[in-house]
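This report concerns only the one structure given below.
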Amino acid sequence: MDKEFFEHRLNINRRHFLGKMAMGVGGAALGSLLIPNLFKGSKATNTELPLGIKHFASKAKRIIMLTQNGAPSQLESFDFKPKLREMFGEDLPDSIRQGQRLTGMTANQKSFPLVGSKFDFKQHGKSATWVSDLFPNIAKITDDICVIKSMHTDAINHDPALTFLQTGAQQGNRPSMGSWFSYGLGNENKNLPAFCVLLSKGSGNGQGVYSKLWSNGFLDSTHQGVQLSASEDPILYLNNPKGMDKAQRKKMLDHLAELNNLGYSEFGDPEIHSKIKQYEMAFRMQTAVPEITDLSKEPAYITEMYGADSMIPGTYASNCLLARKLSESGVRFVQLYHQGWDQHQNLIRDMPKQAKDVDQASAALITDLKQRGLLDETLVIWGGEFGRTNYCQGKLTKDNYGRDHHPRAFSIFMAGGGVKAGMSYGETDEFGYNIIENPVHIHDLHATILHLMGLDHEKLTYKHLGRRFRLTDVHGHVVKDILA
Amino acid sequence: MKKLESFVLNILFLLHCFLVMMLIFENSVTIPYWLQPLGRMHPLVLHFPIVCIFFLVILSFFKKRIDLNTFKKIKRFLVLFTAFTTTLATIMGLFLSMEGDTTKLMILHKWIGVGISFLIYLLIFVKKDNVFNAILYISFVGVIFAGHYGAGLTHGINFITEPLAKNKIVEINEHTPIFKGFVKPILDAKCVSCHNSEKQKGDLDMSTFNRMILGGKNGELFIAYNTTQSALLKRVHLPIEHKKHMPPQGKKQLTKTEIKLLTAWIDQGANNTVSLIQLPKQDTLGLIISKLLQTKKEKVEPEYAFNFAKEKDIIALQNPFRTVIQKSPFSPALDVVIHGRQTYEPEFLTDLAIVKKQIVSLNLSYLPIDKSSINFVSSLTNLENLVLNFTNLTSEGLQPIKACKKLKTLSISGTKIDVTISTTLNQLPNLKKVYLWNTSISENDIKTLKTQFPNIYIETGFKGSDEKLKLASPILVSKNTVISKDDFIELGHKIPGVEIRYTVDGSKPNKLSLLYEKPIKIDLNRNKPIKTIAYKNNWLPSKIQNYSFVDKGFTPVKFDVVYQGYSSAFIGDAETILIDNNKGKITFNIQASPFWVTFNKKHHLNAIADFGENAPDIRKLVLSYGMHNRQKKEPLESFELWAGYDKDNLKLIKQVKKTYRKIDKNKEGKYRKIEVKISKNKYRYYKIIAVPFEKEALYVDQIYFY
């Protein structure tokens, strides 16, 4: 009898349990109805915004980045420190250095003799911006630019620092800034790549520039930077092979597209479609690119503006001119590199040469954009990967010195694209060593650049290896003070 | 009754599972619009649980006065009803919260509510009286807080105390006294914590202006108009390690802008009533304050009166030559660019009629636009920004755009417009900026325009410089510098109209030297460089550029190399590089250059040149190699030249052994070579072996046969 009772109770419990469980599952299922895409595995959520359109309206549409590779000295360009002249040859006080790390090149130096700029500084324009005599043309446009004197970075050597500046990470393999914009905003002109790269080299000590700097990282390969070379074929393999004309080429591509479409209907791989699109774009580029890269048709006053070098392919001046033409034609991000700014020694001999290479053309680029009414929608950024030390590397003499790498403080400038014009932002101490006001980290710079282009740096993400990546990783604040 | 109870229990279980699900996947849940009214009924339903829980608490006090059976029945019913309504209210609240409120208050309210829901559910299963009461009372306290926060969400957190608070927050603007709006907040943040009515360090109280002017034990805090003698500023400017520096070391310091502001305030008279509006225009303090006020104003997106364009229309309008972009997801304004002079068709523009209202920005630079195109542009009533640079437009052709009354910026640089453009500008009331660079409008006319339109910014850009610029040097169009005596040398210059002068005898070229007109030939045996210079009117002459040429001699029919070199980006190309007639230039990256092959002791140079059946009469062989910037000593240890008519039977004709010695590059040069004279034999095969020293690399750019 007891046993039957027990079993009865057991039955009730089991039935009860199953009933309850059904209820529970029902409740959960009801909830799941409110989760869209729960079983579709799509990566889109309501917090993500559509690609190809700005997150919010902003002025800037395009960027030209003039990377001064090798790190120009801020103490001979924009950050005037008369105190260093007074203290010529005196040792850098420990209270200023505060035990900060140095590179292997000067860490073992017995003393750190301070040295001020050999070149004079003057205040220019209504904004009274300090500019050294090495940059007479940039000095003329100070009312159009915003100098940030309080940049700082994490890396102390060229490769990691440059990679950090370009990709937001010191190791390679992350997408370059231009790739992020290509991914986030797409092409403005569909006959040209969204991200172009131009290289030039000064006479100074050259640090390498590698293609990893304009890599698409984990983004789709269509976002990779396209390097334009200084030869007659600025884009390699773009021209038709010998003996093939445009009509033939078109016919061949049409047939190839048919074959590819067959392949697509069989395998359904979306990469096939993007391949077809890329062939078509390359075909359109055959007309669009020569129109742009042919500098010989530029009128004479353009040569006068950008300088005599502007007609010699591969120089910084001609790259600036080309950058303006590309940008004007709707290239989202034009990346220039000018090598040779690494003045460890012989700064007095080498830096004027470097400055001469870039001064006129950089200023001309900004003036040229301005006179076409394009400066409001084009952001121009000029600067290196870090700064240089306030003390001399190697032997200090009356008329020669060098400066080592200094990531704690350096200067860059920006113009156009919704940046406040005629402004100096941030300040370093009187030794030019530490930042005392409004520091701007590389991540902050990235966040600000994205903001100027109408993108929220926290929302432009790409899911890779199980997490959402950003250009600013988990850092970055928009520098609101410099927004116009 | 029993049936109903088990039904309610089941429903409760179901609802709680649902609730847990909602909480876990909160971030991925989207509430459909038809469920949102349910969420909005939360403020209605929540009154049930509040009253029920309150009633349960009251009931717990009357246990002994009621018949136990009745008490239990009432309690059971009440608990079930409370649990049901609580859960319902919670779920509804959760729905409501997903509409986007994420304030701290919201989060607090939400989690207390959820907690109560689970606690009340727990009550159903608790048998022991004291445990039951404990949970009940905790829930009751929770209800008070959740209720308070909830009310704060709907009515504002200060709703209850609002009538009591006298001081309302006033917006800071140009009428606010500068002391109250800008100076006081700085002092409050950095000084008042030590200098207030309770704690008066140095007998100084800075909590109000009136107490502040009394000063402290060291006398007056500041002297109006006197920035050098005011104690406040003196203390601030002391070095931070100084005992008397204020704020003391370790406390939050004043920023530069704050110091500037305080200085300017004292300099202006240090009073507590003056406001920005009362200050003269160029006043230092006024400038600082207006700057601060400016940064306080947050930018907002412009609002438009028109509707969003249809998404499918925007997509349909995209083509390879036309881009139509919505300004942002929240803005209906469209931005349109049309590219490609060669591919342009008028339909690219007229197709845009379906989004006519939404276009605010249009760029037609460089396009061959005609009258009908401009007429279409004039129909874009909301257009704000128009770019027509380098089109063929004239002032007359541009006239129709006077219909675009909202136009703010107009770029017509490089067009054919003239000063009569003013009639069109006159009819554009909102115009702010015009770009007129590179047009035929004279400087005087620009001045007239500027006075006629004082509110329009007119940009005329670069007008040429008085400074004479230096020309670039002539370039070598025929790139090869390793040539045969029949090859032409072609010079050129990228700037049209440049005169190239040159010499071939090693003398300095000048204005009277040979004029370059067509490609030239030179005598390679003279071994002199061509010296070139460029001239043009109004330009400074270029630097002199030298071009040296080397005779390329005979090229073998077949050239085999045993070791292709090492550590080069061009491994495998040694067979081409060594006989490609390209002289290498020594650079920092010589090992990665396509003009040099790098060898070491193990992978040394071991090559066989085959000149075929009719071998030429070769009388000399030159091995050209270079020294890397870092190399200080002679890199080549030994050199052997073998020759013969049969590949397998060669004889040694020359052997060179070098000593490992320091080389003065300035005297001896970093470009080095070995020359071997060969007697007249017309050999078919030559075998070259060159081995570097153990620690050195050997960079070879070319092997010449003469």
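When you go through B:Phe13, B:Phe48 one by one, which is the residue that is within 16 Å of A:Val25 (Cβ to Cβ) and either in contact with a strand residue (DSSP E or B) (Cβ under 8 Å, 6 or more places away or on another chain) or surrounded by 13 or more Cβ atoms within 10 Å (Cβ to Cβ) (or both)? Walk me through it before giving the result.
Numbers: B:Phe48 fails: within 16 Å of A:Val25 (Cβ to Cβ).
Just one listed residue meets the conditions, B:Phe13.
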For this session: Could you list all residues from region B:491-520 that are surrounded by 12 or more Cβ atoms within 10 Å (Cβ to Cβ), part of a loop (DSSP other than H, G, I, E, B) and within 14 Å of chain A (Cβ to nearest Cβ)?
Result: B:His493, B:Lys494, B:Ile495, B:Val498
Exercise. Restricting to region B:16-45, what's the tally of residues that are surrounded by 14 or more Cβ atoms within 10 Å (Cβ to Cβ) and aromatic (Phe, Trp, Tyr)?
Worked result: 2
For this session: Identify all residues within region A:237-268 that are surrounded by fewer than 11 Cβ atoms within 10 Å (Cβ to Cβ) and among the hydroxyl-bearing types (Ser, Thr, Tyr); write none if there are none.
Result: A:Tyr237, A:Ser265
Exercise. Among A:Gly70, A:Gly52, A:Gly89, which is the only one that is within 14 Å of chain B (Cβ to nearest Cβ), touching a strand residue (DSSP E or B) at 6+ places or on another chain (Cβ under 8 Å), at positive phi and surrounded by fewer than 23 Cβ atoms within 10 Å (Cβ to Cβ)?
Worked result: A:Gly52
Exercise. Any chance region A:454-470 includes a residue that's crowded, with 23+ Cβ neighbours inside 10 Å, under 14 Å from the mean Cα position of the chain (by Cα), modelled with pLDDT under 95 and not charged (D, E, K, R)?
Worked result: yes
Problem set entry | Unique match (being touching a Leu at 6+ places or on another chain (Cβ under 6 Å), free of Cβ contacts under 8 Å to residues at least 40 places away in the same chain, of a type outside the set (A, V, I, L, M, F, W, C) and not assigned by TED's automatic domain parsing to the domain that holds B:Ile590) among B:Tyr516, B:Tyr502, B:Tyr547 | B:Tyr502
Problem set entry | Positions within region A:394-451 being of a type in the set (Ser, Thr, Tyr), more than 13 Å from chain B (Cβ to nearest Cβ), within 22 Å of A:Met351 (Cβ to Cβ) and surrounded by 19 or more Cβ atoms within 10 Å (Cβ to Cβ), in sequence order | A:Tyr401, A:Ser411, A:Tyr433
Exercise. So, of the residues in region B:427-444 that are out of contact with any helix residue (DSSP H, G or I) (no Cβ under 6 Å at 6 or more places or on another chain) and farther than 14 Å from B:Tyr457 by Cα, which turns out to be farthest from the other protein chains (Cβ to nearest Cβ)?
Worked result: B:Asn444
Exercise. Looking at B:Ser411, B:Ser365, which is the one that is of a type outside the set (A, V, I, L, M, F, W, C), under 24 Å from B:Ile446 (Cβ atoms), touching a helix residue (DSSP H, G or I) at 6+ places or on another chain (Cβ under 8 Å) and facing another protein chain (nearest Cβ under 10 Å)?
Worked result: B:Ser365
For this session: Could you look through region B:228-249, keep only residues that are surrounded by 19 or more Cβ atoms within 10 Å (Cβ to Cβ) and part of a loop (DSSP other than H, G, I, E, B), and pick out the one that is farthest from the chain's Cα centre (by Cα)?
Result: B:Ser230
Problem set entry | Candidate set: region A:371-393, residues that are part of a loop (DSSP other than H, G, I, E, B) and under 27 Å from A:Asn319 (Cα atoms); chosen: the one nearest to the other protein chains (Cβ to nearest Cβ) | A:Gly373
Problem set entry | Pairs where the first residue, in region B:19-31, is more than 7 Å from chain A (Cβ to nearest Cβ) and the second is modelled with pLDDT of 85 or more, C-beta under 7 Å, 6+ apart | B:Leu19/B:Thr87; B:Leu19/B:Thr90; B:Leu19/B:Ile91; B:Leu19/B:Ser117; B:Leu23/B:Val114
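Can you tell me which residue among A:Gln207, A:Gln248, A:Gln227 is under 30 Å from A:Ser73 (Cβ atoms) and free of Cβ contacts under 8 Å to residues at least 60 places away in the same chain?
A:Gln227
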Exercise. Going by the structure shown, is B:Lys252 within 13 Å of another protein chain (Cβ to nearest Cβ), closer than 19 Å to A:Gly426 by Cα and within 38 Å of the chain's Cα centre (by Cα)?
Worked result: no
Exercise. Out of curiosity, is A:Ala282 in a helix (DSSP H, G or I), more than 10 Å from every other protein chain (Cβ to nearest Cβ) and surrounded by fewer than 11 Cβ atoms within 10 Å (Cβ to Cβ)?
Worked result: no
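A quick yes/no check of all residues on (1) at pLDDT 90 or above; (2) among the β-branched types (Val, Ile, Thr); (3) out of contact with any strand residue (DSSP E or B) (no Cβ under 7 Å at 6 or more places or on another chain):
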position	(1), (2), (3)
B:Leu23	no, no, yes
B:Val29	no, yes, yes
B:Tyr33	no, no, yes
B:Ile53	yes, yes, yes
B:Asp67	no, no, yes
B:Thr70	no, yes, yes
Problem set entry | Sole residue being within 21 Å of B:Arg619 (Cα to Cα), modelled with pLDDT of 90 or more and of a type in the set (Lys, Arg), chosen from B:Lys677, B:Lys662 | B:Lys677
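Of all residues being in contact with a strand residue (DSSP E or B) (Cβ under 9 Å, 6 or more places away or on another chain) and facing chain A (nearest Cβ under 10 Å) in region B:445-467, which is farthest from B:Lys518 (Cα to Cα)? Just the residue, please.
Per the criteria, the residue is B:Glu459.
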For this session: Kindly provide the set of residues from region A:359-370 that are within 8 Å of chain B (Cβ to nearest Cβ) and of a type outside the set (Ser, Thr, Tyr), ordered by number.
Result: A:Ala364, A:Asp368, A:Lys370
Seminar exercise, completed: Among strands (runs of 3 or more DSSP E) completely within region B:600-696, the ones holding 3 or more residues that are among the β-branched types (Val, Ile, Thr) and either in contact with a strand residue (DSSP E or B) (Cβ under 7 Å, 6 or more places away or on another chain) or closer than 19 Å to B:Tyr706 by Cβ (or both) are B:685-692
Problem set entry | Subset of region A:307-358 [within 14 Å of chain B (Cβ to nearest Cβ) and of a type in the set (Lys, Arg)] | A:Arg324, A:Lys325, A:Arg332, A:Lys353, A:Lys356
For this session: Within region B:298-321, identify whether any single residue is more than 25 Å from B:Pro429 (Cβ to Cβ), more than 14 Å from every other protein chain (Cβ to nearest Cβ) and crowded, with 17+ Cβ neighbours inside 10 Å, and answer yes or no.
Result: no
Exercise. Would you pick out the residues in region B:323-362 that are aromatic (Phe, Trp, Tyr) and at the interface with another protein chain (Cβ under 9 Å from one of its Cβ atoms)?
Worked result: B:Phe330
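Out of curiosity, is B:Tyr366 crowded, with 19+ Cβ neighbours inside 10 Å, among the hydroxyl-bearing types (Ser, Thr, Tyr) and on the phi > 0 side of the Ramachandran plot?
Spelling it out, B:Tyr366 is indeed crowded, with 19+ Cβ neighbours inside 10 Å, among the hydroxyl-bearing types (Ser, Thr, Tyr) and on the phi > 0 side of the Ramachandran plot.
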Exercise. Counting only residues that are surrounded by fewer than 24 Cβ atoms within 10 Å (Cβ to Cβ) and either in contact (Cβ under 8 Å) with a residue 12 or more places away in the chain or acidic (Asp, Glu) (or both), how many does region B:690-700 have?
Worked result: 6
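The values are calculated or read from the model by the stated rules, or taken from the named source; none is laboratory data. Source: prediction; values computed, not measured. Quick reminder, even Gly has a Cβ in these numbers, built from the backbone with ideal geometry, and neighbours come from all protein chains shown.
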